[in-house]
Amino acid sequence: MYEKVSTNLNFVEREKKVEQFWKDNDIFRKSMENRKEGPTYTFYDGPPTANGKPHIGHVLTRVIKDMIPRYRTMKGYMVPRKAGWDTHGLPVELEVEKLLGLDGKEQIEEYGLDPFIDKCKESVWKYKGMWEDFSGTVGFWADMDDPYVTYHDDFIESEWWALKTIWDKGLLYKGFKIVPYCPRCGTPLSSHEVAQGYKDVKERSAIVRFKVKDEDAYILAWTTTPWTLPSNVALCVNPEEAYTKVKAADGNVYYMAEALLDTVLGRLGSEETPAYEILEKYVGKDLEYKEYEPLFEAAANIAAKQNKKGHFVTCDGYVTLSDGTGVVHIAPAFGEDDANVGRKYDLPFVQLVDSKGEMTEEAPAAGKFVKDADPIILADLEERGLLYDAPKFEHSYPHCWRCDTPLIYYARESWFIKMTAVKEDLIRNNNTINWIPETIGKGRFGDWLENIQDWGISRNRYWGTPLNIWQCECGHMHSIGSIEELKSMSDNCPDDIELHRPYIDDCTFDCECGGKFIREKEVIEKNSKYIQDDTIREYYIDFLKHTMDISKKYQSRLMNGMRVAYSGVEGAFAHIAAMKMFPNAIYVSYPSFEEAYNSVVNNDCDTCVLPLENSFAGDVGLVMDLMFSGSLYVNQVIELEVVQNLLVKKGTKLEDIKKVVSHQQA
């Protein structure tokens, strides 16, 4: 009945036989067919990019992605396993740049966006066969014949739908903010991308003499980025700390923090001569608005053109006495704290660095990359007697995780999702996730949520999902949610429009002011992922596996025994759809929505379904996800998304909802 098991096993050969048996007998498909009547267990696969080879690290991720769905299938669940390919993003562009011998955005545009995009499409499939063979070898089961592909229009359309939903909630905005910026790639990075590229580096800092106006004295200020000094417009002290005016052994009079006198000036003293003599004492607030002479003429000229006053002492609590001189230099174009001080005091905006990270023609070291400009700027200050010291120091500095270029904090326009507006929802939902290991969710990820910043999603690049915002010169903006909507508004949108640059850039439509809406040229960050299933967008999942560096914004939670209230005909349709996905929840019918609502208030039920007639004045428009909870649920119980199969675009009629529900039941 059974073959005798040999004690002399060749494990590699045995695995190959099992793999061949699976292929010959279509075992994966049969395992799915055998479970098609079972409850659905939803699994999302964070897909690989096929223009890079699989490596040993992918074995572990493939095994984990296979293990949980296989186990759930054995337990009787229907586990759809749709393979996917991550095909967008800057890594693809960089690979194509190398292939074509191009270097940077200017050369890409000279080459032509149309042929460049075609090369990107070819590049992403370079190692597809290798990935498929690799997946088979490690026993990874997924539907490779019908994968989702992130550059396909249907997937891009799902991203547009989500972004339009976020736009409608007032959570997508264009801001002029300090962003971590890669001058080589020509694009800002999000906070989680920055976290991937820190390196310990040794650099020269600068303690600079700023000449006090109408006084034979200097203010000593410290900076770790000498290249920002040409853009200096102010100095900053801590208003509560102690500061002094001293006569130093080098013959100069200095203003600086009292606590750091020995650290900074101590080297000037000898056995016979003290390093300094204290002349006067202050608190930082006493120095506010003390004026000094501009360090570089270019900054003074720009300030004059803007009719703004600069080059004086400001106060802010962010200044510490842990190092430096207790006085920091302020360049609002190159730091978040600097920008905040700039807004507070209405300082001039001086940015003597261009988008390539090179010093502008007005600045010293014109044309040099900022890090290469440091020694030139320090030499200039030394020659003019304005450099007190340039000590070397070691610190952790962010580099681009893609191209290894040092990042700069740079003021530029970018598009942001207002994550800070939903911080409490994010934290509350994160606390419901079954994290493995738990320390990631409560520690690293939890800490990240506690300090969350608005998410910069736009990239000034080419190969990616185009941002779905059109703007008229009159200032009006419009978010497009689908190809159908775009065609209904634009008279020059081709029937076979491809949702990529440069093709989508040519589509315009009329504004009521008589002008034209033109698309914002940015593409969105490659990690801005959404899942599309025809017209239904599902955000709830049972299991998601992602690598640590990009596991964000997702929720995985088992639904066991939660009581869900519903009412009315429309509520019943939501109830039917919910039962399909969440069979373990308990559904309770009430005569009215008010009674369903009160059942939650009185703790008889955990949450309730919002009747469809309460949404968009007749037209169905249920749009909900965990990140941007729109109060579709009451009493702050938002973790059970019972209407997830009814997440449809605004404008969808109730008859279409019924068809969807009928299809789900079938």
### Query
Taking a threshold of 22 Å on the Cα-Cα distance, which of the pairs K177/K423; K211/K309; K105/K521; K177/K202 fall above it?
K177/K202
### Message
Which one, T320, I302, A331, is farthest towards the positive end of the dipole of the range 290-338 when Lys and Arg carry +1 and Asp and Glu -1 on their Cβ?
### Response
I302
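Could you work out what % of the accessible surface of the range 1-88 is carbon and sulfur, using a 1.4 angstrom probe and leaving DNA, RNA and ligands out of the count?
57 percent
How large a share of the accessible area of the range 211-318, in percent, is made up of carbon and sulfur atoms when the probe is 1.4 Å and the other protein chains stay in place?
44 percent
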### Summary
For the range 381-488 the translational diffusion coefficient, Stokes-Einstein from a Kirkwood Rh over Cα pairs at 10 °C and viscosity 1.306 mPa s, in µm²/s, is roughly 82 µm²/s
### Message
Test of understanding: express the Cα radius of gyration of the range 208-364 as a ratio to 2.2 N^0.38 Å, with N the residue count.
### Response
1.05
### Query
Can you tell me the accessible area per residue over the range 39-152, all protein chains present, probe 1.4 angstrom, in square angstrom?
46 Å²
### Summary
Answer in debye to the nearest 20: the dipole magnitude of the range 154-239 about its Cα centre, from +1 Lys/Arg and -1 Asp/Glu charges placed on Cβ, is 260 debye
#### Entry: Stokes-Einstein diffusion coefficient of the range 309-398, Kirkwood radius over Cα pairs, 37 °C, 0.692 mPa s, in µm²/s
218 µm²/s
### Summary
Expressed as a percent, the accessible surface of the range 394-498 that is carbon or sulfur, using a 1.4 Å probe and the full set of protein chains, is 46 percent
### Message
With viscosity set to 1.306 mPa s at 10 °C, what whole-number translational diffusion coefficient in µm²/s follows for the range 469-511 from Stokes-Einstein and a Kirkwood radius over Cα pairs?
### Response
147 µm²/s
#### Entry: Probe 1.4 Å, protein heavy atoms only - accessible area per residue of the range 377-518 in square angstrom
46 Å²
### Query
Once the Cα gyration tensor of the range 156-253 is diagonalised, what are the square roots of 5 times its eigenvalues, in whole Å and ordered largest first, as equivalent ellipsoid semi-axes?
44, 18, 12
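Which of the peptides 426-439, 19-32 is most tightly packed, and how do the rest follow, going by the mean number of other Cβ atoms within 10 Å of each residue? Numbers along the way, then the final one.
Working: 426-439: 14.9, 19-32: 12.6.
The most tightly packed comes first, giving 426-439, 19-32.
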#### Entry: Relative contact order, percent, the range 1-154 [alpha-carbon distance under 8 Å, six or more residues apart]
33 percent
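Out of all Cα-Cα pairs in the range 95-246, roughly what percent, to the nearest whole number, are more than 23 Å apart?
Cα-Cα pairs of the range 95-246 separated by over 23 Å account for 70 percent.
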### Task
Amide H neighbours of L387 under 5 Å, at least 5 residues apart or on other chains, H built in the peptide plane: list them.
R209, E382
### the range 414-471 - Rg over Rh from alpha carbon coordinates, Kirkwood radius
1.11
### Point-charge dipole on Cβ atoms (K/R +1, D/E -1) for the range 80-136, about Cα centre, debye to 20
440 debye
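The values are calculated or read from the model by the stated rules, or taken from the named source; none is laboratory data. Being a predicted model, the structure only gives us computed values, none of them experimental. Backbone-built Cβ (ideal geometry, glycine too); neighbour counts: all protein chains shown. To get the accessible areas, we keep the full protein, side chains included, count just its heavy atoms, and leave off ligands, DNA and RNA. Shrake-Rupley method; radii C 1.70, N 1.55, O 1.52, S 1.80 Å.
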